[in-house]
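Novice: Mind looking over this structure? Questions follow.
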């Protein structure tokens, strides 16, 4: 695998622009004067200077959070749970940069014995699997991996796409609920996640100066898209034959069960200032962790970002169609906030790479047994105004090196 | 400390919501209707809906008056909720003057209707915490709790007044506490996350301040 060249996507026409991107977008969007995130971004607000709340809360993170005190608080928390159960903590793990760093940091800095818990969303990439094996063996940890029923995954992906324009419901609910079930089953009441959501949205604002508890409130606030597993069961039962227990991995366990074991579930990034780029460099150096090409992104700018899922390109493409921005904008926004790039360089990357149709879309349509026309119709119903997608001007993103390794579905969804 | 919560039934209260809330925060409970049922109870909750005088009469008829006082005197945690908080007082006017449990010095009198928009004081209201207490851990001052009441607990000793809520021109007593005894005028079991946090903290509390 190489990530040395960044092939440019195919452009269809210059089309109308929205200031930053060249194509696919039919209206101008108001954007943060600092990071460039648009008004369609989740939880965004702009102040009198036109600077967004995500930028402002990150200023607070850098300048006003007492990270030394937070570090002490975390050390005390680790000691509170150390040696009392079969494992000192659970580390939910995808193998991406954040969970790999979290696992590395907990093992090396805090010398804990963790149980690594992995929820397999169904789209793990070859490079990720190699990274995982290398990391687990290098760190010497126990790993529990769970893969949910693919037939059910296909159906709930379709339902979530239709209702919310976001097919990742099974992945996000599973990732955040399954480790909680494991916590109860294995009686390991301390769970350490990686990146806090305050890094990129304002559902939890750094300026509140509180620890972001990864609990049912957070789960219901934005993880599950407002659809509980029970809701989902009701939504699909009219045309889909399943056992109600098939949705158990997506339910949040009862509060009572978590309280009984005195469960505490927090993000490491609430206690140390999160820096994805630096942390990626560290795990690359210490664990031989490798980045990857990601559809619709420039391949050399952020090779560490979102390497864990081969449907990432589709997710980002849908985001662009719905909201007029995508992963490249999010990454340039982070770099602008951290003063690691200039507005001109950021605009260039967004213009050249954002909003291209990924090759994986074809696979995705087969998973859901829908046509591209049906896909457009579904996504159009969930567009966030004032953005309007312009399908006619959208070009194609290049294939990544491992495209041919990705699962092809031959059976229709039923 | 093995936590087992007793919920006092004076034959007039809605106990289910309190029992459900205790269960939600991870603890087991038992309904206490007679003195023998206090056996094995580590934490006692006195819920309350109804009238002061009737509640005290029931408590005496059920022979729970002295056992509850003895429970508190042993330093075990006691929590009064709404009318249950008012019963902790020296006396109350509702339904004619009656003596209370006398665990927190003070008198319960009707809120002066001339000073408030309406009686009862019902709905969500901000509670300003005036003194620190182990049961307030991770609960901020100024957050909302759910109230329904017409009478107000006037503390005799300023140090027993732990929290207030502004209503019209009155600062109603929202929290009282003395030693291992605590009272909430609001309903923690109906007050969402902050209420459940208080109940959990109460169950985790050993009664010492």
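Novice: Which whole number gives the average, over all residues in A:259-266, of C-beta atoms from other chains lying within 10 Å of the residue C-beta?
Specialist: On the way: counts 8, 5, 1, 3, 1, 0, 0, 0.
Shielding by partners across A:259-266 averages 2.
Novice: Could you tell me the calculated FRET efficiency between residue A:129 and residue A:49, based on Cβ-Cβ distance and R0 = 45 angstrom, to the nearest 0.05?
Specialist: It comes to 0.45.
Novice: Quote the FRET efficiency, to the nearest 0.05, computed for residue A:384 versus residue B:141 with a Förster distance R0 of 30 Å and r equal to the Cβ-Cβ distance.
Specialist: Result of the calculation: an efficiency of 0.20.
Novice: Please list, in order, the residues from segment B:158-194 whose amide nitrogen is less than 18 Å from a point placed 7 Å along the Cα→Cβ vector of residue A:220.
Specialist: Residues passing the 18 Å test: B:188-194.
Novice: A further question follows. Once a ≥ b ≥ c are taken as the square roots of the eigenvalues of the Cα gyration tensor of segment B:95-185, is the result rounded (a/c under 1.5), prolate (a/b larger than b/c) or oblate (a/b not larger than b/c)?
Specialist: oblate
Novice: Measuring from centroid to centroid over Cα atoms, what is the spacing of segment B:20-67 and segment A:58-130 in Å?
Specialist: Their Cα centres are 44 Å away from one another.
Novice: Between segment A:385-414 and segment A:226-270, what's the alpha-carbon centroid distance in Å?
Specialist: 29
Novice: If neighbour count is taken as other Cβ atoms inside 10 Å, put A:103, A:413 in order from fewest to most.
Specialist: A:413, A:103
Novice: On to the next question. Find how many whole Å separate the alpha carbon centroid of segment A:323-363 from the alpha carbon centroid of segment A:191-221.
Specialist: Between the Cα centres of segment A:191-221 and segment A:323-363 lies a distance of 24 Å.
Novice: Moving on to the next point. Based on Cα coordinates alone, diagonalise the gyration tensor for chain A, multiply each eigenvalue by 5, take square roots, and list the semi-axes in whole Å, largest first.
Specialist: 32, 27, 21
Novice: Would you mind computing the Rg to Rh ratio of segment A:265-374 from its alpha-carbon coordinates, Kirkwood style for Rh? Write down the numbers at each step before the final one.
Specialist: Numbers: Rg = 15.8 Å, Rh = 15.5 Å.
Rg/Rh: 1.02.
Novice: Fewest Cβ neighbours within 10 Å first, please rank B:59, B:1 accordingly. List each step's numbers first, then the result.
Specialist: Numbers: B:59 21, B:1 9.
Lowest count first: B:1, B:59.
Novice: Which percentage, to the nearest 5, of the DSSP beta bridges contained in chain A is antiparallel?
Specialist: 25
Novice: Which FRET efficiency value, to the nearest 0.05, do you get for residue A:405 and residue B:30 by plugging their Cβ-Cβ distance into 1/(1 + (r/R0)^6) with R0 = 56 Å?
Specialist: For R0 = 56 Å, the calculated efficiency reads 0.40.
Novice: Moving on. If each of residue B:17 and residue B:192 carries a label point 7 Å out from its Cα toward its Cβ, how far apart are those two points in nm?
Specialist: Simple spin-label model gives 1.5 nm for this pair.
Novice: Further question on the same structure: What percent does the relative contact order of chain B come to when contacts are Cα pairs within less than 8 Å and at least six residues apart?
Specialist: For chain B, the relative contact order is 21 percent.
Novice: Next up: If you take the square roots of the eigenvalues of the alpha-carbon gyration tensor of segment A:33-168 and sort them as a ≥ b ≥ c, do you get rounded (a/c under 1.5), prolate (a/b over b/c) or oblate?
Specialist: The shape class here is oblate.
Novice: Order these by the 10 Å Cβ neighbour count, fewest first: A:332, A:382, B:2.
Specialist: The most exposed by this proxy come first: B:2, A:382, A:332.
No value in this document is a laboratory result; all are computed from the given coordinates. Treat the numbers as computed from the prediction; the structure is a model and nothing was measured. Ideal geometry is used to build each Cβ from the backbone, glycine not excepted, and the neighbour counts take in all protein chains shown.
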